[in-house]
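Student: Below you will find the structure I want to go over with you.
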Amino acid sequence: SDLAKAEHELRAGVEYTGATPRMGKDASSAVLQTAATASLLHIISHSGVNGHGGYLALADRDVSASEILAWRIRPQLAVLPTCASAATVRGEMWDSLASAFLAAGSKHVVATLASVQDSVAAEFTELFYREGGARDPVGAVTRAQRSMSRTHSVTQWSAFVVAGP
């Protein structure tokens, strides 16, 4: 509820992909588990890293990277333009949200290396999907970053990464 641009980000994702949105109390850990084998999972939420690794703040509770792996949440494409979704407290990156999705079986994960502003995440999301992110995540991240580099500082657009083959 405190992500002012979440609705804009949600509309962009739905417009370009036809995804079914789950918002508010429907954005829960149980609903996340039902997306285990989805073709696309886009999460608009808070996330972070603590001493146990990465976590997603969902409506009912925080979900850890280790839970994502244990539950085998493995959409073909996971889009996590949330704060520090590719970050870890360890050098190996194994306990980040991005690596948990990859280890569970996702082909690609779009994530961030650091905290990002809500408005920047929303703009990135719109550009990512407009540039064909659902079918070419690597190319779309590149094109979205290139576009953002014209109007944003490097610290804003460079936080977004794509992991996977």
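The values are calculated or read from the model by the stated rules, or taken from the named source; none is laboratory data. Keep in mind the model is a prediction, meaning the values are calculated, not measured. With ideal geometry, Cβ positions are generated from the backbone for all residues, glycine too; neighbour counts draw on all protein chains shown. SASA here: full protein model, heavy atoms, side chains in, ligands and nucleic acids out. Shrake-Rupley method; radii C 1.70, N 1.55, O 1.52, S 1.80 Å.
Student: I need the strands (runs of 3 or more DSSP E) fully contained in the range 52-165, keeping only those with at least 1 residues that are of a type in the set (F, W, Y).
Tutor: 53-57, 160-163
Student: Next up: Any idea how many residues of the range 60-90 are open to solvent by 60 Å² or more (accessible area, probe 1.4 Å) and either charged (D, E, K, R) or closer than 20 Å to M23 by Cβ (or both)?
Tutor: Total meeting the criteria: 6.
Student: Just checking, which of A144, A121 is without any contact (Cβ under 8 Å) to a residue 60 or more places away in the chain and not polar (S, T, N, Q)?
Tutor: Testing whether each residue is without any contact (Cβ under 8 Å) to a residue 60 or more places away in the chain and not polar (S, T, N, Q) leaves just A144.
Student: Another question about this same structure. Of all residues in the range 31-45, how many are of a type outside the set (V, I, T) and either part of a loop (DSSP other than H, G, I, E, B) or farther than 16 Å from A98 by Cβ (or both)?
Tutor: 6
Student: Would you please list the contacts, defined by Cβ atoms under 9 Å and residues six or more apart or on different chains, that run from a residue in the range 24-53 that is basic (K, R) to a residue that is open to solvent by 30 Å² or more (accessible area, probe 1.4 Å)?
Tutor: That search, which allows pairs on different chains as well, returns K25/A59; K25/D60.
Student: Tell me, which residue of the range 91-142 that is among the β-branched types (V, I, T) and modelled with pLDDT of 95 or more is surrounded by the most Cβ atoms within 10 Å (Cβ to Cβ)?
Tutor: Among those residues, the one meeting the criterion is V110.
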